Amino acid sequence: MKFISIADDVQLGKNVKLYNFVNLYGCRIGDNSRIGTFVEIQKGASVGRNCKISSHTFVCEGVTIEDNCFIGHNVTFINDRYPRATNADGSLQTDNDWTCETTLVKQGASIGSSATILCGITIGENATIGAGAVVTKDVPDGAVVAGVPARVLKKG
């Protein structure tokens, strides 16, 4: 038994490979992409063609990953700049109490293991994000960034 959860509203391309313990809902996965073990991809997220999403990665609502991207193990995307469980009056927040901020990972980009990608940014074409980096601002095309916060080590 593979323990894969795929909601009816998921759009799967041709030849998509899903490993054990995957949770997909409301998302789109392009042709020939591979989704590793313990990956969750939420509604409104999109993964292009020929991508590899490694194990233990979280792709939240508002994230677009274009074609030919590599996403390493345990990468976390964030879509809320100011997350809270409750409102000022103590009531639980609902979908109406926050704004989903988008993130774009352009074609050919590679993101190293355990990187955290804050919302509202663009990672440029063929850019490389070092393992463990915390990306807080846009990354230029072809650049190599690393660190906390991530800094450009090499321009594209």
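Summary of values
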{"quantity": "Distance between modelled label sites at Trp98 and Tyr82, nm, 7 Å Cα→Cβ extension", "calculated": "1.3"}
{"quantity": "FRET efficiency estimate (nearest 0.05) - Cβ-Cβ, Asp89 to Asp141, R0 41 angstrom", "calculated": "0.35"}
{"quantity": "Residue-by-residue Karplus 3J(HN,Hα) for the range 82-98, coefficients 6.51, -1.76, 1.60, Hz, glycine and proline x", "calculated": "10, x, 9, 7, 10, 7, 4, 7, x, 6, 5, 6, 10, 4, 7, 9, 8"}
{"quantity": "The range 8-156, relative contact order in percent, only Cα pairs under 8 angstrom and at least six apart counted", "calculated": "14"}
{"quantity": "Proximal charge balance of Leu118 [Cβ under 11 Å; K/R count +1, D/E count -1]", "calculated": "-1"}
{"quantity": "q = 0.26 Å⁻¹, the range 77-156: log10 I(q)/I(0) [Debye, one scatterer per Cα]", "calculated": "-1.15"}
{"quantity": "Mean separation of Cα contacts under 8 Å (6+ apart) over length of the range 4-67, as relative contact order %", "calculated": "27"}
{"quantity": "Kirkwood hydrodynamic radius (C-alpha pairs) into Stokes-Einstein, the chain, 4 °C and 1.567 mPa s, D in µm²/s", "calculated": "82"}
{"quantity": "Distant-in-sequence amide H partners of Ile121 (H built 1.01 Å from N, under 5 Å)", "calculated": "Leu104"}
{"quantity": "Low-density loop positions, trypsin sites (Lys or Arg not before Pro), the range 47-156 - DSSP coil, at most 16 other Cβ in 10 Å", "calculated": "Arg81, Arg84, Lys137, Lys155"}
{"quantity": "Total formal charge among the other residues, if their Cβ is under 15 angstrom from that of Ser5, Lys/Arg +1 and Asp/Glu -1", "calculated": "-1"}
{"quantity": "Neighbourhood charge, 13 Å Cβ-Cβ cut-off, centred on Gly30 and excluding it, Lys, Arg +1 and Asp, Glu -1", "calculated": "+3"}
{"quantity": "Stretch gain in nm, segment Phe21-Lys155, where the contour uses 0.36 nm per residue and the Cα spacing is subtracted", "calculated": "44.5 nm"}
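No lab work stands behind these numbers, since they all come straight from the coordinates. Please read all numbers here as calculations on a predicted model, not as lab measurements. Every residue, glycine among them, receives a Cβ derived from its backbone with ideal geometry; neighbour counts consider all protein chains shown.
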